[in-house]
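Undergrad: First, the structure itself, so that you have it in front of you.
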Number of protein chains: 2
Amino acid sequence: MAKPKKTPRPKAETPRGFRDYFGAEVTQRADMLAKIAAVYHRYGFDALESAAVERVEALGKFLPDVDRPNEGVFAWQEDAEAEKAGDWLALRYDLTAPLARVYSQHRNDLPTPYRRYAMGPVWRNEKPGPGRFRQFYQCDADTVGTGSVAADAEICAMLADCLEEVGIERGDYIVRVNNRKVLNGVLEVAGLSGDDKEAERGIVLRAIDKLDRLGVDGVRALLGEGRKDESGDFTKGAGLDEVQADVVMGFMQAKRSDGGQTCARLRELVGDSKVGLEGVTELETIAELLSAGGYGPDRIEIDPSVVRGLGYYTGPVYEAELTFEIKDEKGRARNFGSVAGGGRYDDLVKRFTGQEVPATGVSIGVDRLLAALQAKGRLDTATQGPVVVTVMDKARMADYQAMVAELRQAGIRAEVYLGNPKNFGNQLKYADKRGSPIAVIEGEQEHENGVIQIKDLVLGAKIAENATLEEWRDRPSQYEVARSDLVAKVREILELYR
Amino acid sequence: MAKPKKTPRPKAETPRGFRDYFGAEVTQRADMLAKIAAVYHRYGFDALESAAVERVEALGKFLPDVDRPNEGVFAWQEDAEAEKAGDWLALRYDLTAPLARVYSQHRNDLPTPYRRYAMGPVWRNEKPGPGRFRQFYQCDADTVGTGSVAADAEICAMLADCLEEVGIERGDYIVRVNNRKVLNGVLEVAGLSGDDKEAERGIVLRAIDKLDRLGVDGVRALLGEGRKDESGDFTKGAGLDEVQADVVMGFMQAKRSDGGQTCARLRELVGDSKVGLEGVTELETIAELLSAGGYGPDRIEIDPSVVRGLGYYTGPVYEAELTFEIKDEKGRARNFGSVAGGGRYDDLVKRFTGQEVPATGVSIGVDRLLAALQAKGRLDTATQGPVVVTVMDKARMADYQAMVAELRQAGIRAEVYLGNPKNFGNQLKYADKRGSPIAVIEGEQEHENGVIQIKDLVLGAKIAENATLEEWRDRPSQYEVARSDLVAKVREILELYR
């Protein structure tokens, strides 16, 4: 006889590609985002929080020839009994598509230009990989409805302020600005502006983007016939001749120590190209506006090697790079690299309204910037555990509760041990697991004498590690103080580890 | 000949039941949640942020007899090419189900007891209604892994602290505590404890929950034969006799001005019921612990009329009610009512692990609490618009940029007008739309003289409204100051409206 079948227990696991964040992981990110929000706010940007869910149609992610949305989004259909049964809904995959929808929907009520910031999770229905999750944070600021490059300049300055506000020191970052119009002008001069040259332009753009990795010779090879990499694989080149390649290489290497000189060199390179000249003038204006605001080339510089992606941008592009070195997985020193970027794009709401509305915006890579702060030791790594009031006598729980209430009212993070108090060792193990700086002990004897024991767990751990060191030997890590001195003594110890 | 068919433009609209939040709506909520998080943190609770997406199985929302998840959640299947193709994923519908999953999954790494807080959006696939959205915020704190009612007492104290921290004054709220065990004891005494009495127990619980609305007579009717409401509809009662109904009514009205007296009265009512006596003892302990922490009955009281839902809770239950009056839609004064509630539940992780793990927790109604703060005028309603530096001469954009840079560096929210500057009236309209307190003007004449005009827009608006009033007539709303006094004068005016 078969046993009656039991429903198996569900597995307690996160879906593939998702993760949980605990304690400091949550609060460090929240702190960083709050600091960035404060800078955005100071620059006149208004918060916008749209829902996580959008109509797939509004996201522009519906594949026209099939009956399902783009694979890159998480999507589902409204239930049969819903008012709009069958409509496809989806989780947003970035914060720009919802901005386009919101601006189109509410444009009569919004100021023009509209400066908005948004921060929150986005979702990608992609194959997860190491460190690549299907839900992650974005943190954007965009100005919609103005073609003035003053908007681009302002965002570059704001980006510099944001980095300093969260703890990246001046000198440890550089905001680099370029202009797609200049690049287009250079391509025109190189004879690559025709509709039939799109493939070549693509190869050139990708080649420029690889300067860091391939060096001048590698890029040059890609501009010409092509390049064989270390593995022997051959990448076809753009097929430019020497003269054409010289123009492109000249553009990429046009950076001078002084922004004015860089612009002068670019002006030479774009020759008579109308769009190229327009781009150079815009860069000059940006440099002038930034300089007037006190943002010199130590913080923001014009750098023609910044390309940023392919088809999207139409004018100024910018990128924030952290310039200090970190060790990679293999122990090699390398620059930390880009943590934010953006630029001008002009087709934000055209899909909805038919109108071209110019916009420019930046996206800060939340996780990368957090990692950078971690690498620089700029995160609040001070022990965040609570003071633990131990329970020596279960019947006197009210006394212990009174102690934590006093500590909390003094603004000190504190808790009473709420597990089974029988084994005192377990209480100290708990305090250790919580990262507690201090344990408070009041046994029968102490209670009778009106005193308490205050254990400095940070010092205690150090002494345990360095038991032979003279300097620790004579320092007590436990103090007996009057019950009435609880808050004062705890505060004194906490001050040591601030 | 038919014209070639164009793809219609997508509609720019939020999906049904979702909405966008703008500016102060976002920052006010963020501020409130940050204050609550600080209190939670001070009480030793650790942040937890799980992903928005869970496996439907882990949510316990899979209907066993059908091949689709519960209608109440937004769910979809992993794509065919995904590693776990066909798995159902869903958006979380609360923060408790993810806590259960997280605690089961990570219990070996988490401290026991585990105090955690979580705040964030949750999603319900329900029919939206006025003010009822399919995405909304929850803000929870739970203690997992201890049966000690000290955990319940602590959460009640924390709830009181949270309300005061966000701006609800002492006297404007009350945290009410009850215990389901006492209620069970009372039902036992009334002869309603058998398995065959479940329907009657349900009617009794729902009747008690309606005391506020129906009054003593209405509840009494529901305990007996039943009740006919104003519309003539009849609700069947629990069919209790006089003696039984007296016991239940006695319980509901057991509240005395002093917690000790309330407990004494409850002790009478539960008679010999073991569970009932246990419940009364727990309430006494909670009252003692709270009193030791300084939380008297002006803030937290024992109130047997608190029931909170039906099957879920197993011990102490608690609820925070705001006691001030507001006007409802029809202009009638009524109490604001409940903004938070919770209690003890013991089957949190049993579904995953088979073990019973006791837990207790609270959920704050984010939107209701925000509405309460709004009603009390406790939200930061000070004008949050930026100082607008107007553009009188497009060629001198750099000068204007320098002004906003100075203001921003002084911590003042400021922006330069980035729209088309031709029409000065439009610039002032923009400032008005932005809620700007101040406009800064520097035309050619001012520039030559090294001065600027600073327009107090708040005062300007008042003068415009009250043009006949003597008090305004002689007050200028525009000041000419030296360019070098920009920051000082702006700050002086902003101080007036703080």
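The values are calculated or read from the model by the stated rules, or taken from the named source; none is laboratory data. All figures in this text were calculated on a predicted structure; none of them were measured in a lab. FYI the Cβ positions are ideal-geometry reconstructions off the backbone, even for glycines, and counts take in every protein chain you see. Surface areas here come from the heavy atoms of the whole protein model, side chains and all, with no ligands, DNA or RNA. Shrake-Rupley method; radii C 1.70, N 1.55, O 1.52, S 1.80 Å.
Undergrad: Could you tell me whether any residue of the range A:245-260 is of a type in the set (Ser, Thr, Tyr), over 27 Å from residue A:339 (Cα atoms) and either at pLDDT below 90 or in a helix (DSSP H, G or I) (or both)? Steps first, please.
TA: To start, the set of residues in the range A:245-260 that are of a type in the set (Ser, Thr, Tyr) comprises A:257.
Checking the rest, the ones that are also over 27 Å from residue A:339 (Cα atoms) come to none.
For the range A:245-260, residues of a type in the set (Ser, Thr, Tyr), over 27 Å from residue A:339 (Cα atoms) and either at pLDDT below 90 or in a helix (DSSP H, G or I) (or both): absent.
Undergrad: To continue, here is another question. With (1) facing chain A (nearest Cβ under 9 Å); (2) under 24 Å from residue B:173 (Cβ atoms) as the list, and residue B:163 as the residue in question, which single condition is left unmet?
TA: Failing condition for residue B:163: (1).
Undergrad: Give me the pairs, please: first residue somewhere in the range B:86-107 and of a type in the set (Val, Ile, Thr), second residue anywhere and modelled with pLDDT of 95 or more and open to solvent by less than 40 Å² (accessible area, probe 1.4 Å), beta-carbon distance under 6 Å, and either six or more positions apart or on two chains.
TA: Listed pairs, sorted by first residue: B:102/A:20; B:102/B:50.
Residue-wise test of (1) assigned to a strand (DSSP E or B); (2) surrounded by fewer than 22 Cβ atoms within 10 Å (Cβ to Cβ); (3) of a type outside the set (S, T, N, Q).
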{"position": "A:296", "(1), (2), (3)": "no, yes, yes"}
{"position": "A:305", "(1), (2), (3)": "no, yes, no"}
{"position": "A:308", "(1), (2), (3)": "no, yes, yes"}
{"position": "A:312", "(1), (2), (3)": "no, yes, yes"}
{"position": "A:319", "(1), (2), (3)": "yes, no, yes"}
{"position": "A:324", "(1), (2), (3)": "yes, yes, yes"}
{"position": "A:329", "(1), (2), (3)": "no, yes, yes"}
{"position": "A:336", "(1), (2), (3)": "yes, yes, yes"}
{"position": "A:341", "(1), (2), (3)": "yes, yes, yes"}
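Undergrad: OK, next. If you check A:419, A:443, A:365, A:435, which single one turns out to be farther than 30 Å from residue A:180 by Cα and under 30 Å from the mean Cα position of the chain (by Cα)?
TA: Values: A:419 fails: under 30 Å from the mean Cα position of the chain (by Cα); A:443 fails: under 30 Å from the mean Cα position of the chain (by Cα); A:365 fails: farther than 30 Å from residue A:180 by Cα.
Selected residue: A:435, the only one of A:419, A:443, A:365, A:435 that is farther than 30 Å from residue A:180 by Cα and under 30 Å from the mean Cα position of the chain (by Cα).
Undergrad: Also, I was wondering about something else. Would you confirm whether any residue within the range B:104-113 is more than 9 Å from every other protein chain (Cβ to nearest Cβ) and not in a loop (DSSP other than H, G, I, E, B)?
TA: no
Undergrad: Counting only residues that are among the β-branched types (Val, Ile, Thr), closer than 27 Å to residue B:108 by Cβ and open to solvent by less than 30 Å² (accessible area, probe 1.4 Å), how many does the range A:405-458 have?
TA: 2
Undergrad: Within the range B:359-383, how many residues turn out to be touching a Phe, Trp or Tyr at 6+ places or on another chain (Cβ under 8 Å), assigned to a loop (DSSP other than H, G, I, E, B) and either closer than 20 Å to residue B:150 by Cβ or not hydroxyl-bearing (Ser, Thr, Tyr) (or both)?
TA: Qualifying residue count for the region: 2.
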